[in-house]
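Beneath this line is the structure, given in C-alpha cells, with notes to follow.
The values are calculated or read from the model by the stated rules, or taken from the named source; none is laboratory data. If you're wondering where the values come from, they're calculated on a predicted model, not measured in any experiment. Heads up, the Cβs are rebuilt from the backbone with ideal geometry, glycines too, and the neighbour counts pull from every protein chain shown. Protein only, heavy atoms only, side chains kept; ligands, DNA and RNA dropped before computing areas. Shrake-Rupley method; radii C 1.70, N 1.55, O 1.52, S 1.80 Å.
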Amino acid sequence: MSRRGWMLFALMSVLWGIPYLLIKVAVESVSVPMVVFARTALGVLVLLPLAVRAGRLDVVRRHWRPLLLFTAVEILGPWALLSDAENRLTSSMTGLLIAAVPIIGVVLARLTGDAERLGPLRWAGLLVGLAGVGVLAGSHLGGGSALAIGEVMLVAVGYAIAPMIATRRLQDLPSLHMAAFSLAIAALAYTGPAIATWPSAMPDGRVLAALAALGLVCTALAFIVFFELIREVGTSRGMVFTYVNPAVAVAAGVMFLGEPLSGTIIASFVLILGGSVLATARRSPAAAPGPPPEDSAHALEPVAKPTPAPAPER
C-alpha cells in the first residue's frame with residue numbers, strides 16, 4: 001500500500017473511531033434527536049452541493065425506495081439508538097459492541113443466500129467474537145444497561161444489513177450521492193423531533209464543539225476521505241480499518257473521559273476483534289479453485305457510505 005494509502009487508512013481509523021466519544025459528550029446536554037439532526041444536517045451542507053454538482057440525479061430518483069430503506073437501517077434508527085444508549089453506557093463499551101458488526105454480517109449473509117461455505121476457521125471466529133460480546137455485556141445486564149446493550153446490538157444489526165442493501169440494490173448509485181441523499185432524508189426526518197426537543201438554554205462550548213465535529217469531521221469529511229481511500233487501495237483492503245475503530249474508541253474514552261480500562265474490557269476487545277478477523281477471513285486460493293468470492297461482510301459501517309461496489313458504515 002502506498003504512503004498516501006496508509007495516511008488515508010490511519011485517518012479513517014480515527015474519523016470513525018471517535019464518534020462514540022463525541023456522542024457521549026453531546027448527549028449530556030442535548031436530546032438524542034438534536035444530536036442526530038445536527039450531525040446529519042451539517043453533513044448535508046457539505047456533501048449535498050457536491051452531489052448536485054456531480055449530476056446523475058436521475059439515478060437517485062430511480063433508486064429512491066432502496067435508498068430510503070438503506071437510510072432507515074444505516075442512519076435513522078442506528079444513530080438515534082446509539083445516542084440514547086450512550087446515556088447509560090461508556091463510549092468504550094459502545095465502540096466494542098459495535099465491533100461485532102462484521103460477525104453479524106457473516107451470519108446474515110449466510111442466512112440470506114450467500115453461497116460461500118463457512119470453513120472451520122470462520123465458524124471459530126463467529127464463536128470467539130460472540131464470546132467477546134458475552135464477556136463485555138455480562139456484567140452490565142442489570143437495570144437500564146440491559147436496554148442500552150440491546151439498543152447497541154440493534155445498531156450492529158442495522159450496520160450489517162445496510163451494506164447488503166447497498167451491494168444488492170444500490171450498485172448503480174454513486175457513493176457521494178448515496179451518502180448525501182441518505183443524510184438529507186435523515187435530516188428531514190429529524191427536523192421535527194429536534195425542534196420539539198430544542199434545548200431551553202444554549203449548550204456550552206464543549207457540547208457545541210462535539211456536535212460540530214460529529215457533523216463536519218466524522219460525517220462529511222469522513223465520507224470524502226473514505227471515498228479517496230477506496231479509490232487508492234480498493235474496497236477489501238480499505239475496509240480493514242473497521243478493525244481499528246474500536247481500539248480508537250476505547251483509547252479516546254479512557255484518555256478524554258476517564259473511562260475505566262478494566263481486564264474485562266481488554267479481554268473482550270481481544271475476543272471481539274480476533275473473532276471479527278477470523279469470521280471475515282477469505283478462503284485461500286488453495287482451498288477454493290478460481291478467484292475467491294467477494295465477502296459481503298467486509299462491507300461495513302455505523303454510520304452508510306458505500307462506493308459503487310460494497311458499502312462502508314458506519
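Report yes if some residue within region 158-176 is in a helix (DSSP H, G or I), within 15 Å of Val35 (Cβ to Cβ) and either in contact with a Lys or Arg (Cβ under 6 Å, 6 or more places away or on another chain) or of a type outside the set (Asp, Glu) (or both); otherwise report no.
Pass one, region 158-176, residues in a helix (DSSP H, G or I): 158-169, 175-176.
Imposing the further condition that a residue be within 15 Å of Val35 (Cβ to Cβ) reduces the set to none.
Checking region 158-176: not a single residue is in a helix (DSSP H, G or I), within 15 Å of Val35 (Cβ to Cβ) and either in contact with a Lys or Arg (Cβ under 6 Å, 6 or more places away or on another chain) or of a type outside the set (Asp, Glu) (or both).
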Hey, does region 76-90 have a residue that's open to solvent by 60 Å² or more (accessible area, probe 1.4 Å) and part of a helix (DSSP H, G or I)? no
Given the conditions (1) open to solvent by less than 40 Å² (accessible area, probe 1.4 Å); (2) more than 24 Å from Leu15 (Cβ to Cβ); (3) touching a helix residue (DSSP H, G or I) at 6+ places or on another chain (Cβ under 8 Å), every one holds for Val128 apart from (1)
Does Ala189 fit the bill of being touching a residue at least 24 places away in the same chain (Cβ under 8 Å) and within 22 Å of Gly95 (Cβ to Cβ)?
no
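Tell me the residue from Ala162, Ala179 that is modelled with pLDDT under 90, closer than 29 Å to Gly113 by Cα, open to solvent by less than 30 Å² (accessible area, probe 1.4 Å) and out of contact with any Ser or Thr (no Cβ under 8 Å at 6 or more places or on another chain), please. Walk me through how you get there before you give the answer.
Values: Ala179 fails: modelled with pLDDT under 90.
Result of the check over Ala162, Ala179: Ala162.
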Taking region 1-38 and keeping residues over 17 Å from Met178 (Cβ atoms), open to solvent by less than 20 Å² (accessible area, probe 1.4 Å) and not aliphatic (A, V, I, L, M) leaves Gly5, Ser13, Gly17, Pro19, Tyr20
Checked region 58-73 for anything open to solvent by 60 Å² or more (accessible area, probe 1.4 Å) and over 19 Å from the mean Cα position of the chain (by Cα); matches are Asp58, Arg61, Arg62, Trp64, Arg65
How many residues of region 182-204 are open to solvent by 40 Å² or more (accessible area, probe 1.4 Å), modelled with pLDDT of 95 or more and either of a type in the set (Gly, Ala, Ser) or touching a Lys or Arg at 6+ places or on another chain (Cβ under 6 Å) (or both)? The answer is 3
Considering region 236-272, residues that are crowded, with 20+ Cβ neighbours inside 10 Å, modelled with pLDDT under 80 and in contact with an Asp or Glu (Cβ under 8 Å, 6 or more places away or on another chain), and then whichever is farthest from Gly105 (Cα to Cα), we arrive at Gly238
So, first residue touching a residue at least 24 places away in the same chain (Cβ under 8 Å) and within 18 Å of Thr242 (Cβ to Cβ) in region 2-24, second residue of a type in the set (S, T, N, Q) and not in a helix (DSSP H, G or I), Cβ within less than 9 Å, six or more apart or across chains; the pairs are Tyr20/Thr90
